[in-house]
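Chemist: Dumping the structure here so I can ask a few things about it.
The values are calculated or read from the model by the stated rules, or taken from the named source; none is laboratory data. A quick note: this is a predicted structure, and the numbers were derived from the prediction, not measured. Here the Cβ is made from the backbone with ideal geometry for all residues, glycine too, and neighbour counts use every protein chain on show. These accessible areas exclude ligands, DNA and RNA; they are computed on the full protein's heavy atoms, side chains included. Shrake-Rupley method; radii C 1.70, N 1.55, O 1.52, S 1.80 Å.
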Amino acid sequence: MSVTVNGLDELKKLAGSDLGSSDWIEVTQDRIDTFADATGDHQWIHVDPERAAKGPFGAPIAHGYLTLSLFIPLFTELLDVQGVTTKVNYGLNKVRFPSPVKAGSRIRLTARLAEVEDVPGGVQIAVDGTIEIEGGTKPAAVLQSLSRFYA
């Protein structure tokens with residue numbers, strides 16, 4: 001389900017709203033390997049399936065920052081802000097990784113638009129997000145993301 005707003009005034013009216021959940025996406029070993037290549041983080045727990053199978057999680061796991069990076073494509077399924085000139089990530093207030101994402105797992109984002117505040121030339125939003133693991137008992141990530149939208 002996607003919510004579409006046109007302009008900053010409509011976005012402000014959504015403050016405090018639940019945005020629902022994204023579709024599930026699979027975190028494949030190929031995606032993990034590609035992320036390792038892009039970042040230079042080739043720790044065996046991520047990229048050596050045979051060794052990782054004997055490790056603490058019983059399988060290779062995604063990098064925490066790979067899981068975090070998937071916030072944006074998952075979030076764009078939930079909120080589409082039109083009628084603005086620029087959209088930028090502004091940062092994070094908090095991030096935790098309560099549970100690892102094993103290769104082959106599926107994740108999704110559940111989000112709430114916690115705050116919308118004016119900034120020069122636009123607004124800043126704070127989104128409370130939980131990245132869930134299908135069938136898991138703990139989330140993969142819990143975060144508050146900040147984004148800015150300019151008129």
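Chemist: Of a type in the set (Lys, Arg), at pLDDT 95 or above, assigned to a strand (DSSP E or B) and in contact with a Leu (Cβ under 7 Å, 6 or more places away or on another chain), is that true of Arg108?
Modeler: yes
Chemist: Shifting gears a bit: Gly16: assigned to a strand (DSSP E or B) and small (Gly, Ala, Ser), yes or no?
Modeler: In short, no.
Residues are listed down the side, and each one gets a yes or a no for (1) of a type outside the set (Asp, Glu); (2) assigned to a helix (DSSP H, G or I):
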site	(1), (2)
Asp9	no, yes
Gly20	yes, no
Asp30	no, yes
Thr34	yes, yes
Ala38	yes, yes
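Chemist: Right, another one. Sort out which residues of region 13-43 are over 30 Å from Gly55 (Cα atoms) and open to solvent by less than 80 Å² (accessible area, probe 1.4 Å), and write them in order of number.
Modeler: Leu14, Ala15, Gly16, Ser17, Leu19, Gly20, Ser21, Ser22
Chemist: So is Glu117 touching a strand residue (DSSP E or B) at 6+ places or on another chain (Cβ under 6 Å), closer than 27 Å to Leu14 by Cβ and among the acidic types (Asp, Glu) or not?
Modeler: yes
Chemist: Okay, moving on. Condition (residue is under 17 Å from Glu77 (Cα atoms) and either part of a strand (DSSP E or B) or open to solvent by 30 Å² or more (accessible area, probe 1.4 Å) (or both)) applied to region 115-125: is it met by at least one residue?
Modeler: The answer is yes, given that some residue of region 115-125 is under 17 Å from Glu77 (Cα atoms) and either part of a strand (DSSP E or B) or open to solvent by 30 Å² or more (accessible area, probe 1.4 Å) (or both).
Chemist: Hey, among the residues in region 46-58 that are among the hydrophobic types (A, V, I, L, M, F, W, C) and surrounded by 16 or more Cβ atoms within 10 Å (Cβ to Cβ), which one's nearest to Pro100 (Cα to Cα)? Working first, answer last.
Modeler: Filtering region 46-58 down to residues among the hydrophobic types (A, V, I, L, M, F, W, C) leaves 47, 52-53, 57.
Now narrow it down to the ones that are surrounded by 16 or more Cβ atoms within 10 Å (Cβ to Cβ): 47, 52.
Values: Val47: 14, Ala52: 13 Å.
Taking the candidates together, the pick is Ala52.
Okay, residues lined up against (1) over 15 Å from the mean Cα position of the chain (by Cα); (2) surrounded by 18 or more Cβ atoms within 10 Å (Cβ to Cβ); (3) closer than 20 Å to Asp18 by Cα; (4) among the β-branched types (Val, Ile, Thr):
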| site | (1), (2), (3), (4) |
| --- | --- |
| Leu78 | no, yes, yes, no |
| Lys87 | yes, no, no, no |
| Asn93 | no, no, yes, no |
| Val101 | no, yes, no, yes |
| Glu132 | no, yes, yes, no |
| Thr137 | yes, no, no, yes |
| Leu146 | no, no, yes, no |
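Chemist: Inspect all residues belonging to region 133-147 and state whether any of them is acidic (Asp, Glu), in a strand (DSSP E or B) and either in contact (Cβ under 8 Å) with a residue 24 or more places away in the chain or under 23 Å from Leu14 (Cα atoms) (or both). Steps first, please.
Modeler: From region 133-147, those acidic (Asp, Glu) are 134; that's our starting set.
With in a strand (DSSP E or B) added as a condition, the list becomes none.
There is no residue in region 133-147 that is acidic (Asp, Glu), in a strand (DSSP E or B) and either in contact (Cβ under 8 Å) with a residue 24 or more places away in the chain or under 23 Å from Leu14 (Cα atoms) (or both).
Chemist: So which residues in region 33-76 are over 30 Å from Asp18 (Cβ atoms) and aliphatic (A, V, I, L, M), if there are any at all? Steps first, answer last, please.
Modeler: Restricting attention to region 33-76, the residues satisfying the condition of being over 30 Å from Asp18 (Cβ atoms) are 33-34, 36-60.
Across region 33-76, the qualifying residues are Ala36, Ala38, Ile45, Val47, Ala52, Ala53, Ala59.
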